[in-house]
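Notes follow the structure.
The values are calculated or read from the model by the stated rules, or taken from the named source; none is laboratory data. Here the structure is a predicted model, which is why all the values come from computation and not from measurement. Quick reminder, even Gly has a Cβ in these numbers, built from the backbone with ideal geometry, and neighbours come from all protein chains shown.
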Amino acid sequence: MATPRFAPRRELGKTGFSATRVGIGDLADRSLPLETSVATLRRALDFGLNLVDTAPSYEDGYSEELVGAALAGHSDPIFLIDKVDHFDRPVAPQIEQSLQRLKRERVDLFVLHGVKSPEQWRQLTVKGGTWEQLLACRSAGKCRFVGISAHHPEALDAALDAGACDVLMFPIGPFVDARYVEQILPKARALGVGSVCFKTFGAGKLLGDTEGYGRELSARPRGKLSSGGADDASPTLPRLSVEDCVRYTLTVDPDVALLGMSFPNEQDAALAAAERFVELSPSELAAVRARAAEAMRGKGKCWWDPEPA
């Protein structure tokens, strides 16, 4: 496939940044040479994608290092997201360490990574607490915007009610708690809060027989016996296609869908699906959700759904 320039864009909340509808999620893999991962990230940038996400916890800082290397000398505007992982430690030193690994003086957005509940959000926002420390770092010029990522819709709802965040990060895809789609996304849009969403592929569970991010199933169902009596290694569990997942997510319509694209063939499949995008009808959306529920069976806990259907 010839390398295209990816055109569809959307203003990210009230940030003033025109972001591509598809963003670059974490692709750090210590089993690969750094230059290989850097080239893969630069390839995605060459497609025209202009939003990149990283975090210190992704491969223990390795993700930040490769993002910094890939963005060095890149001249087109990029919206760079990084995260604060530890809420029981001072925020400023964590941010300084991240910026050192990125070799940058600031990023566009720092988010508190993985707020677990509305109760935790309230604890973080007490006077002098983690959120206030993050705001101080923004005032010091370490970032332009602040927000949270969360795998709990009620935590996101509490943050929206507080009017505190410029951007929220949360799951949107064929298998997520309906509240993300029916409550959080419309409320964020109405308030002008940007939405950068993940789990389009359900941590890989929707595309393959895995407990998530390539981990083998702990109790993988056996395949059919071949004519020779051997166990057939072909897939035995239902799956969705890349096209199903991308088309579903773009129909639901977050500002940006973060996609895992760690290899060139994954980039080609995901971006081709995005370029061919045609909105799904309500009945088609329901059909994909039903197939996704089947594809999730037997693949372990979905940590992004506190109360899965």
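Which one is nearest to residue 276 (Cα to Cα), of the residues in region 218-237 that are surrounded by fewer than 16 Cβ atoms within 10 Å (Cβ to Cβ) and modelled with pLDDT of 50 or more?
Kept after step one, since they are surrounded by fewer than 16 Cβ atoms within 10 Å (Cβ to Cβ), are these residues of region 218-237: 218-236.
Adding the requirement that they be modelled with pLDDT of 50 or more leaves 218-221, 233-236.
Numbers: 218: 36, 219: 37, 220: 34, 221: 34, 233: 32, 234: 29, 235: 27, 236: 29 Å.
Out of the qualifying residues, it is 235.
Would you pick out the residues in region 268-300 that are surrounded by fewer than 12 Cβ atoms within 10 Å (Cβ to Cβ) and in contact (Cβ under 8 Å) with a residue 40 or more places away in the chain? I'd like the intermediate steps shown before the answer.
At the first step, the residues of region 268-300 found to be surrounded by fewer than 12 Cβ atoms within 10 Å (Cβ to Cβ) are 276, 278-279, 281-283, 286, 290, 297.
Selection gives 297 alone.
Got a sec? Which of 190, 203 is touching a Cys at 6+ places or on another chain (Cβ under 9 Å), in a helix (DSSP H, G or I) and within 25 Å of residue 285 (Cβ to Cβ)? Show your work before the answer.
Working: 190 fails: touching a Cys at 6+ places or on another chain (Cβ under 9 Å).
Result: 203 is the single residue among 190, 203 that is touching a Cys at 6+ places or on another chain (Cβ under 9 Å), in a helix (DSSP H, G or I) and within 25 Å of residue 285 (Cβ to Cβ).
If you scan region 1-21, which residues turn out to be aliphatic (A, V, I, L, M) and either in contact with a Ser or Thr (Cβ under 9 Å, 6 or more places away or on another chain) or surrounded by fewer than 21 Cβ atoms within 10 Å (Cβ to Cβ) (or both)? I'd like the intermediate steps shown before the answer.
Of region 1-21, the ones aliphatic (A, V, I, L, M) are 1-2, 7, 12, 19.
Across region 1-21, the qualifying residues are 1, 2, 7, 12.
If I filter region 3-24 for residues that are outside any loop (DSSP other than H, G, I, E, B), out of contact with any helix residue (DSSP H, G or I) (no Cβ under 9 Å at 6 or more places or on another chain) and acidic (Asp, Glu), do I get at least one hit?
Checked region 3-24: at least one residue is outside any loop (DSSP other than H, G, I, E, B), out of contact with any helix residue (DSSP H, G or I) (no Cβ under 9 Å at 6 or more places or on another chain) and acidic (Asp, Glu).
Quickly run through region 51-76 and pick out the residues that are among the hydroxyl-bearing types (Ser, Thr, Tyr) and either in a helix (DSSP H, G or I) or within 12 Å of residue 103 (Cβ to Cβ) (or both).
Step one: list which residues in region 51-76 are among the hydroxyl-bearing types (Ser, Thr, Tyr), which gives 54, 57-58, 62-63, 75.
Matches in region 51-76: 62, 63.
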